[in-house]
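Worksheet: one structure, shown below.
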Amino acid sequence: MKVLIAVWGNPEGWKEIKYEYQGLTERAKSTINLIKQVENPDKIVIICVDTLADTNIKSNQSYCEIKNEAEKVISDFCTNHFSIQPDKVIVGYGVGEFKNTKFIGNAQDFYYEVLKELSLLLGEAIRELKEERKIEVVFDITHGINYMPTLTYRALREILQILAYTYDVELKVLNSDPFIGQVNPEKLNINVIEYTKILPYLAAYRSDKRPIEPRKDHKNYGQIIDNLLRQINYAKPKIHIFLSAFIHAMPVFIISYIMNSQNIKNLINQISQEFEKFIMINKNQKIIVERNLEYRIEFENLIKTYLVSLILEVKGFSSKTDIPLTDIQRLRNEVFNNLEVESNRIDKEVVDIKQLQNIQQQYQVYAQLLNKQIQNQIDKRNFFAHAGFEHNVIELRMNNSNNVIELRINQLLAQQAENLLENALKKKNV
C-alpha cells in the first residue's frame, strides 16, 4: 500500500510553474499531480487548516460548516486544475488573524487532530491489506506553511513507528526548490529530502490531565468534561497499563489487557465531538472562531491504544485470561521479531517454561513449580528484566484437552503489577 500525503496552505494564490520529478515534468500550480503520476499511490490525502474558510465564512455558520468550506477550497482546486479528488481532506485546527476572521486556540490542537485523522484513515486501510506487509508513505511538504509541516511530520512518524511493529514501513519526504517570484525560475525540482525505513517504536506518557481540558478562563467546563468521560467509560489507568505492557514487551500482560480497537475508536470520536461542541463563533469587527477546549497528551494515548490494539487484532490477537504458550510465541514472531533484545528475552522465558517437568492441570504459581517460596511481593527488577514472567505474578497449568501450557496473571498480585506498569511510564503533564 502506498499513500501520498501533502500539507497545503491556501492554493488560491499559487502560481503556475514547471515542476520536475524523477525525469518527468509538468507545468502546474501544485506538485500533487506530477507526484501522483510518478508514485502511483493507492490513496491521496491532503491536509489543510480551517482558516481556509476565511474568504467564504459567515457568522451564522456552524463550525462543521466552516470545516466544510475549508475542505471545499481544496476539493475545488483539485477538480479545476487536475480533474482529481483526494481520497481524504483532513481539516486541522488553525490559529491566527486573517482578513475576515480570527481563529483562537492552542496551536497543538492541529497536531492532535492530524494524529487522530491519519490514525483512523491508516487504521481502516490496514484492515484491507490482508497478506500485504509493505506500507509506503510519500509526504510532500512543498505547499505547507508555518507549523503544518512540522506537526504533521511529527504525527506521521508517531503513527508509522507503531505500524512498523507488524509492517515493513518506508517514508519518503519531498520538497520542491523554493519559488522566488523575482527570479522567475525556469523550473522547480521536487527533491527527496528524506527516504528511510521506519523502525518500530512506541512512546507514551502518563498525566494527571484529561484528554481534553478547558482553555484559560474556561475552567467551568471541567465538570462537563468529567461527566462526559464517565458516560463513555473512559478508563485512563487501563490505557496506561496496556501501553506500558506493549512498550516493555510483556506478552502475558499485552494479551491480558488488549483493548477492542472499535471501542477505543468510539471513545476517540466521542471526545472529538465534545471538543467541537465548545468551539464558539462570534461576530465582532471580525468573525471570531474560538476553541474553548484543548487536547492533551492523554488523547494521544487513546489514539496510540487504538493503533496498537488494531495491529494486534489484525494479527488475530484478542484479550484472554488463560493464555496459551503458543499465543506468546506467535506474538513474539508477529510483533517483536525485529526487536532483537525484546524477542531474545521472550525466547529465553518460553524455553525455560517448556523445560518444566511438573506442570499440573490446575494453575500453580510459577515459583512453586521451581520449588521456590512464593512471595507476596513482585520483584520489580525481575518483572521488567524477564518480560513480565516474574515467578510470583505468573501462574501456569497444562490444559489436558489440547496438551497446551497456559499462563495467567496471579490475581493476588495483579494490582501490584498494574501499578508497576503504570508507574513505568514517565509523567508528562501536558
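The table for this structure:
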item: Label-point separation in nm, K197 to E131, each point 7 Å along Cα→Cβ; result: 2.2 nm
item: Degrees separating the helix 148-163 axis from the principal Cα axis of the chain, which is the longest one; result: 30 degrees
item: Rounded to 5, the percent of DSSP beta bridges in the chain classed as antiparallel; result: 55 percent
item: Relative intensity, log₁₀ I(q)/I(0), of the chain from a Debye sum that treats every alpha carbon as a point, q = 0.11 Å⁻¹; result: -0.90
item: Peptide ranges 160-169, 401-410 listed from the most packed, as the mean C-beta count within 10 angstrom indicates; result: 160-169, 401-410
item: Local electrostatic count, I374, Cβ distance below 14 Å [Lys/Arg +1, Asp/Glu -1]; result: -2
item: Cα long-axis angle, helix 236-247 against the chain (0 to 90 degrees, to the nearest 10); result: 80 degrees
item: Cα-based Rg and Dmax for segment 310-430, where Dmax is the largest Cα-Cα distance (Å); result: 15.1, 50
item: In nm, spacing of pseudo-spin labels at E186 and E97 (7 Å Cα→C-beta vector); result: 4.5 nm
item: Per residue accessible area of segment 304-430, 1.4 Å probe, in Å²; result: 52 Å²
item: Cut-off 14 Å between beta-carbons: net charge of the residues surrounding T321, Lys and Arg +1, Asp and Glu -1; result: -1
item: Value of [θ]222 nm, deg cm²/dmol, for the chain, DSSP H segments ≥ 4, -39500 (n - 2.57) each, nearest 500; result: -12500 deg cm²/dmol
item: Surface accessible to a 1.4 Å probe, per residue, for the residues of segment 181-302, Å²; result: 47 Å²
item: Segment 286-302 and segment 367-430: distance between their alpha carbon centers, rounded to Å; result: 39 Å
item: Rounded tilt (10° steps) of 63-82 against the dominant C-alpha axis of the chain; result: 70 degrees
item: Inter-probe distance in nm under a simple model that places probes 7 Å from Cα toward Cβ, at E334 and D168; result: 2.0 nm
item: Nearest-0.05 FRET efficiency for I145 and S319, computed from C-beta distance (R0 51 Å); result: 0.70
item: Mean projection area, nm², convex hull over Cα of segment 111-257; result: 13.3 nm²
item: The chain - percent of accessible surface contributed by carbon and sulfur, probe 1.4 Å; result: 43 percent
item: Taking the chain and dividing mean pair separation by its residue count, relative contact order in percent (alpha carbons under 8 Å, at least six apart); result: 16 percent
item: Proximal lysines relative to K134, as straight alpha-carbon distance under 23 Å, when same-chain residues fewer than 8 apart are discounted; result: K2, K36, K43, K88, K116, K172, K197, K304, K315
item: Taking N as its residue count, the alpha carbon Rg of segment 137-220 over 2.2 N^0.38 Å; result: 1.56
item: Sum of side-chain charges, E97 neighbourhood, beta-carbon under 11 Å (Lys, Arg +1; Asp, Glu -1); result: +2
item: Where only C-alpha atoms are counted, convex hull volume of segment 213-296 per residue in Å³; result: 115 Å³
item: Per residue, in Å², the accessible surface of segment 1-140 once ligands and nucleic acids are set aside, probe 1.4 Å; result: 41 Å²
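The values are calculated or read from the model by the stated rules, or taken from the named source; none is laboratory data. Since this is a predicted model, take the numbers as computed values, not measurements. All Cβ positions, glycine included, derive from the backbone under ideal geometry; neighbour counts span all protein chains shown. Just the protein is used for accessible areas: all its heavy atoms, side chains included, with ligands, DNA and RNA removed. Shrake-Rupley method; radii C 1.70, N 1.55, O 1.52, S 1.80 Å.
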